[in-house]
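*Asks:* First, the structure itself, so that you have it in front of you.
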Amino acid sequence: MNVPDAQKAGQSRTDVAVLSTSITRRDFVGGTLLGSGLALLAMQAPSVLRQAQAQTLAAPLAGLGPDWTGPGGLGDYARSNGNTHEVVNAAHEALRNDAYRAQLDSAHDSGELYDLVVVGAGFAGLSAALTYQLERPHARCLILDNHAIFGGEAKQNEFEVDGVRLWAAQGSHGQMYPLADAQRWGEYHHFYSKVGMPEAFQWQRLSGTAKNIKVPWDVYSPMHYAWEQADTGFYYEGHGFTLNPWQNGFRDAPIPESLKREYLAMELNKEPVSRTDWAQWLDSMSYSDLLEAKKADPRIKQYLDPIVAAVGLGLGCDAVSAYGAYNFLMPYTVGQFLELGIGDPSDRSHLVSLPGGNGSILRHFVKTMIPDAIAGSRTFKDVLFGAVNWQALDGQNQPVRMRLSSTVMDVRHEGARDRSESVRVTYLKDGRLHRVRAKGVVMASGQWINKRVVRGLSATYREAMEFFHHAPMLTLNVAVRNWKFMEKVGISAARWFEGFGWWLSLKRQVLIDGSEPMPLDPNKPAVLQMYIPFPIPGLPLAQQAVAARMQLFSMSYQVIEKAVLAQLTKMFGPHGFDAARDIAGIIANRWGHAYIVPQPGFFYGVGGKPAAKEVIRQPFGKMAFAHSELSGMQVWPNAAKEGERAGQQVLAMS
Ligand SMILES: Cc1cc2nc3c(=O)[nH]c(=O)nc-3n(C[C@H](O)[C@H](O)[C@H](O)COP(=O)(O)OP(=O)(O)OC[C@H]3O[C@@H](n4cnc5c(N)ncnc54)[C@H](O)[C@@H]3O)c2cc1C
């Protein structure tokens, strides 16, 4: 709880100083101190879990067209909104269906030999390349990526609406802030300052309304863990919006009283797991198991599932390790932070989300290694908004080169692995196979790719890679001409429980050179962001992950667009929203393998065996593996840590 909140709750500064050592925001609901009495609240008998639906839709995995992808907006990212049909077609034809296997040996050999080839231009790949370049500035490095632009999950969308330029993250949204807290909690990587990112930010203020609507710094924090950072409307079918229900114990929400008590019990719980092996213990069970152990009512899973999935765990409570839930500060794990003396991180922190999300940070990596790749100087503004100079990415005489729209299909040692001096990398570009060679390779792609592409893997690596299951996400950026319909309700974010999606939010922009990059005024254009996961509770993990992906792939752009229009009209129509008038554009960013789903045993292994991620972190001949998924907690600093480790492993090989 921060000081202004406390003052609202009628306490003096002295009270706050005393309280803040042991009591957090979670102890106050609507300004009333709750706590010990909660233990006495009656628990409701478990309700029946929502019936799981096996999703067996026949989704085409190749031969998709532009109508499936939909519009990509403006600017340099316009051809690369998530996994586009080009990316999906190439990956499925070349890798899944192995359509080019017979032609591999006749690939065009460019004759190029690199010190390092990196597969993947996301944070992990760029961090591996940067690690190598910092150590050996004159070495030659090639980065290959199958997308039309660098960034991996850290890219941006751009719109222009009524003369106003708008930006939004395609995926990766923000960096924990303040940075001092991020450093203390390990949610930071030293490359942040190395690439020239600012250390402190200021944010724009709301204008154009007499209402004092709280607009969050980022769209993630208010999803649950810091609900007080936004004015949120909970929409209930047949009832409409209930404003900020967490502030008054869901008093006005049309839900059973018993469920309200369960919500409060969940929110206020901060009982730690008091055992020395608490981390291993949490990892030995699913988050659902932990909720059961804590005697939480099964109905709260419906509330938690989309949050758990969207914040970074991919699927819902039944699929993920309770330790994974702890990593993302989920309810019933907060007590562990207090026990460790860290305090409740949600009381002080949020994300700093730049106009292009973490894509804005990633552009600094690109500018650092290939200075001409982005027009302009190395000022913050130029790096964020400068045009990409496509020719400069793959310039012949520069130490780091980047080759895009290149799907790597085959990576193998030349000669026997233990004596091999080089690795052969074959990739598909413009419908042709090409080959380069490298003294070392970092595979900064996920395990669903690595297990198909890297040849000669031993059974140990294969088994470890098979342990990885990935969940999809759909990120929608909805550009609106105004958001008066939200102002009317008095909200900057919305949560709902039925229909399409579950959450949308505005965010405040950071000031850039003292100016706001886009307005924050209900009468002016803005982007509403929707992060949509596909949990299917009840299905075993492997099936659930595939079924969820099929759900995502089976939706054409038109289907998505219709669903968004219908959902927004249902919720905001009564408040003056008119889809035809108010929506200027929607960009759909599909991420088929958005997040690793860290199942029980992901972090500490199963049956006394080392965790699969530790197996993969070992170098394989002249190759090393780097991807944020190896951390089980996909955030960009972890991608950078994995990339740096893999870069160092390859450096140590020669
Ligand atoms: C919706 C969403 C929201 C997120 N929000 C946040 C957030 O707020 N904060 C945060 O810190 N993190 C967030 N993340 C996670 C974080 O951004 C990612 O973990 C990180 O960006 C991933 O970097 P990476 O390099 O590990 O992988 P990726 O970004 O996946 O990069 C791997 C690259 O390799 C390419 N590739 C794969 N196969 C091949 C092949 N065969 N040939 C060539 N190239 C290939 C991929 O296309 C991709 O470009 C979010 C992620 C998603 C999906």
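The values are calculated or read from the model by the stated rules, or taken from the named source; none is laboratory data. Values in this document were obtained by computation on a predicted structure and should not be read as measured data. Here the Cβ positions follow ideal geometry from the backbone for every residue, glycine too, while neighbour counts run over all protein chains shown. Ligands, DNA and RNA are excluded from the accessible area calculation, which covers all protein heavy atoms including side chains. Shrake-Rupley method; radii C 1.70, N 1.55, O 1.52, S 1.80 Å.
*Asks:* Going through A611, A626, A594 one at a time, which residue ends up being touching a helix residue (DSSP H, G or I) at 6+ places or on another chain (Cβ under 7 Å), under 30 Å from A128 (Cβ atoms) and open to solvent by less than 30 Å² (accessible area, probe 1.4 Å)? Please lay out each step first, then the result.
*Replies:* Working: A611 fails: touching a helix residue (DSSP H, G or I) at 6+ places or on another chain (Cβ under 7 Å); A594 fails: touching a helix residue (DSSP H, G or I) at 6+ places or on another chain (Cβ under 7 Å).
Of the residues listed, the single one that is touching a helix residue (DSSP H, G or I) at 6+ places or on another chain (Cβ under 7 Å), under 30 Å from A128 (Cβ atoms) and open to solvent by less than 30 Å² (accessible area, probe 1.4 Å) is A626.
*Asks:* Of (1) closer than 24 Å to Y100 by Cβ; (2) within 15 Å of the ligand (Cβ to nearest atom); (3) buried (at least 20 other Cβ atoms within 10 Å of the Cβ), D430 satisfies all except one. Which?
*Replies:* Failing condition for D430: (3).
*Asks:* Looking at R455, R432, which one is charged (D, E, K, R), in contact with an Asp or Glu (Cβ under 7 Å, 6 or more places away or on another chain) and in contact (Cβ under 8 Å) with a residue 40 or more places away in the chain? Step through it out loud before you land on a result.
*Replies:* Details: R432 fails: in contact with an Asp or Glu (Cβ under 7 Å, 6 or more places away or on another chain).
R455 is the lone residue from the list that is charged (D, E, K, R), in contact with an Asp or Glu (Cβ under 7 Å, 6 or more places away or on another chain) and in contact (Cβ under 8 Å) with a residue 40 or more places away in the chain.
*Asks:* Can you go through L61, L95 and tell me which one is modelled with pLDDT under 90, closer than 15 Å to T407 by Cβ and outside any loop (DSSP other than H, G, I, E, B)? Can you show your working first?
*Replies:* On the way: L61 fails: outside any loop (DSSP other than H, G, I, E, B).
The unique qualifying residue is L95.
*Asks:* Moving on. Can you tell me which residue is surrounded by the most Cβ atoms within 10 Å (Cβ to Cβ) among those in segment 197-230 that are away from the ligand (no atom under 16 Å from the Cβ) and under 23 Å from the mean Cα position of the chain (by Cα)?
*Replies:* Step one: list which residues in segment 197-230 are away from the ligand (no atom under 16 Å from the Cβ), which gives 198-200, 202-215, 227-228.
Now drop any that are not under 23 Å from the mean Cα position of the chain (by Cα), which leaves 198-200, 203, 215, 227-228.
Working: P198: 14, E199: 9, A200: 9, W203: 14, V215: 23, W227: 20, E228: 21.
By that ranking, first place goes to V215.
*Asks:* Consider T276 carefully, then state whether it is among the hydroxyl-bearing types (S, T, Y), open to solvent by 10 Å² or more (accessible area, probe 1.4 Å) and not in a helix (DSSP H, G or I). So that I can check it myself, show each step before the final result.
*Replies:* Numbers: among the hydroxyl-bearing types (S, T, Y): yes; open to solvent by 10 Å² or more (accessible area, probe 1.4 Å): yes; not in a helix (DSSP H, G or I): yes.
Answer is yes for this residue.
*Asks:* Here are the criteria: (1) within 15 Å of the ligand (Cβ to nearest atom); (2) over 16 Å from T475 (Cα atoms); (3) polar (S, T, N, Q). Tell me which single one T84 does not satisfy.
*Replies:* Condition not satisfied by T84: (2).
*Asks:* Give me the residue from segment 112-143 that is more than 9 Å from the ligand (Cβ to nearest atom) and in a loop (DSSP other than H, G, I, E, B) and, out of that set, farthest from the chain's Cα centre (by Cα).
*Replies:* Among those that are more than 9 Å from the ligand (Cβ to nearest atom) and in a loop (DSSP other than H, G, I, E, B), it is H138.
*Asks:* Still on this structure: May I ask you to list pairs of residues, at least six apart or on different chains, whose Cβ atoms are under 9 Å apart, with the first in segment 141-159 being under 18 Å from G386 (Cβ atoms) and open to solvent by 10 Å² or more (accessible area, probe 1.4 Å) and the second being basic (K, R) and not in a loop (DSSP other than H, G, I, E, B)?
*Replies:* The qualifying pairs are E158/R165.
*Asks:* Can you tell me how many residues in segment 306-324 are outside any loop (DSSP other than H, G, I, E, B) and either surrounded by fewer than 21 Cβ atoms within 10 Å (Cβ to Cβ) or within 16 Å of the ligand (Cβ to nearest atom) (or both)?
*Replies:* Counting residues in segment 306-324 that are outside any loop (DSSP other than H, G, I, E, B) and either surrounded by fewer than 21 Cβ atoms within 10 Å (Cβ to Cβ) or within 16 Å of the ligand (Cβ to nearest atom) (or both) gives 9.
*Asks:* Would you call A542 among the aliphatic types (A, V, I, L, M), more than 16 Å from the ligand (Cβ to nearest atom) and open to solvent by less than 10 Å² (accessible area, probe 1.4 Å)? Full working, then the answer.
*Replies:* Details: among the aliphatic types (A, V, I, L, M): yes; more than 16 Å from the ligand (Cβ to nearest atom): yes; open to solvent by less than 10 Å² (accessible area, probe 1.4 Å): no.
Criteria not met by A542.
*Asks:* Name the residues in segment 485-537 that are basic (K, R) and within 30 Å of Q302 (Cα to Cα), would you?
*Replies:* As a first pass, look at segment 485-537 and keep what is basic (K, R): 488, 495, 507-508, 524.
Hits for segment 485-537 are K488, R495, K507, R508.
*Asks:* Moving on. Hey, any hits in segment 345-353 for a residue that's in contact (Cβ under 8 Å) with a residue 12 or more places away in the chain, under 16 Å from the mean Cα position of the chain (by Cα) and assigned to a loop (DSSP other than H, G, I, E, B)?
*Replies:* To start, the set of residues in segment 345-353 that are in contact (Cβ under 8 Å) with a residue 12 or more places away in the chain comprises 345-353.
Then keep just the ones that are under 16 Å from the mean Cα position of the chain (by Cα); that gives 350-353.
Filter once more, keeping what is assigned to a loop (DSSP other than H, G, I, E, B): 353.
The answer is yes; a qualifying residue exists.
*Asks:* Return the only residue of A588, A584, A652 being within 26 Å of the chain's Cα centre (by Cα) and surrounded by fewer than 23 Cβ atoms within 10 Å (Cβ to Cβ). Explain how you work it out, then say what you get.
*Replies:* Details: A588 fails: surrounded by fewer than 23 Cβ atoms within 10 Å (Cβ to Cβ); A652 fails: within 26 Å of the chain's Cα centre (by Cα).
Just a single option satisfies the conditions, and that option is A584.
*Asks:* Tell me which residues, restricted to segment 144-166, are assigned to a strand (DSSP E or B) and in contact with a Phe, Trp or Tyr (Cβ under 7 Å, 6 or more places away or on another chain).
*Replies:* L144, Q156, N157, E158, L166
*Asks:* Under the condition of being of a type in the set (A, V, I, L, M) and assigned to a loop (DSSP other than H, G, I, E, B), which residue from segment 602-638 is farthest from the ligand (Cβ to nearest atom)?
*Replies:* Within segment 602-638, the first condition is being of a type in the set (A, V, I, L, M), and the residues that meet it are 606, 611-612, 615-616, 623-624, 626, 630, 633, 635.
Subset that is assigned to a loop (DSSP other than H, G, I, E, B): 606, 611, 626, 633, 635.
Values: V606: 24, A611: 18, A626: 7, M633: 9, V635: 3 Å.
For segment 602-638, the residue satisfying everything is V606.
*Asks:* Can we say D162 is within 30 Å of R508 (Cβ to Cβ), within 15 Å of the ligand (Cβ to nearest atom) and either modelled with pLDDT under 95 or surrounded by fewer than 22 Cβ atoms within 10 Å (Cβ to Cβ) (or both)?
*Replies:* Working: within 30 Å of R508 (Cβ to Cβ): yes; within 15 Å of the ligand (Cβ to nearest atom): no; either modelled with pLDDT under 95 or surrounded by fewer than 22 Cβ atoms within 10 Å (Cβ to Cβ) (or both): yes.
Criteria not met by D162.
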